[in-house]
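Beneath this line is the structure, given in structure tokens, with notes to follow.
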Amino acid sequence: MAISVETILKHRGPCLTTTLVEELVDVGGLTPQAARQRASRGTAGMVRLIELPFPRRVRFVCLTSQQKTPKYWKALRDRTTRA
């Protein structure tokens with residue numbers, strides 16, 4: 001059963017596109033290539049933080065409703081200190 005990008009972001013919260021792809025493969029049962037394509041296309045209400053580039057064209061993504069929430073800032077801080 002394929003799972004949507006929106007469902008993963010609602011459940012997982014703001015994350016890097018690599019994490020989103022891993023979830024689509026593991027939980028959604030998609031192939032890595034199909035999962036990357038889904039993450040690239042996104043979904044309505046998905047926001048990409050393009051001002052802060054990560055290596056290999058990875059982006060920080062979230063839903064519009066998650067923007068600038070404490071969970072958003074924590075996830076962004078965690079990802080930038082690891083990158």
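Overview of values
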read-out	value
Selection count where residues are more than 23 Å from Gln67 (Cβ to Cβ) and either under 8 Å from the mean Cα position of the chain (by Cα) or of a type in the set (A, V, I, L, M) (or both), scope region 1-38	7
Matching residues in region 45-64 - criterion: being without any contact (Cβ under 8 Å) to a residue 12 or more places away in the chain and exposed (fewer than 12 other Cβ atoms within 10 Å of the Cβ)	Ile50, Glu51, Arg56, Arg57
Flag for Leu76 being more than 17 Å from Glu6 (Cβ to Cβ), surrounded by 11 or more Cβ atoms within 10 Å (Cβ to Cβ), aliphatic (A, V, I, L, M) and touching a strand residue (DSSP E or B) at 6+ places or on another chain (Cβ under 8 Å)	yes
Test set (1) in contact (Cβ under 8 Å) with a residue 24 or more places away in the chain; (2) in a helix (DSSP H, G or I); (3) polar (S, T, N, Q) - Thr7 fails condition number	(1)
Filtered residues of region 19-44 (kept if surrounded by 12 or more Cβ atoms within 10 Å (Cβ to Cβ) and small (Gly, Ala, Ser))	Gly28, Gly29, Ala34, Ala35, Ala39, Ser40, Gly42
Test: residue in region 21-43 that is touching a residue at least 40 places away in the same chain (Cβ under 8 Å) and either in a helix (DSSP H, G or I) or in contact with a Phe, Trp or Tyr (Cβ under 7 Å, 6 or more places away or on another chain) (or both)	no
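All of the numbers you see were taken from the coordinates with simple rules; none came from a lab. All figures in this text were calculated on a predicted structure; none of them were measured in a lab. Please note: Cβ atoms are built from the backbone with ideal geometry, for glycine as well, and neighbour counts cover all protein chains shown.
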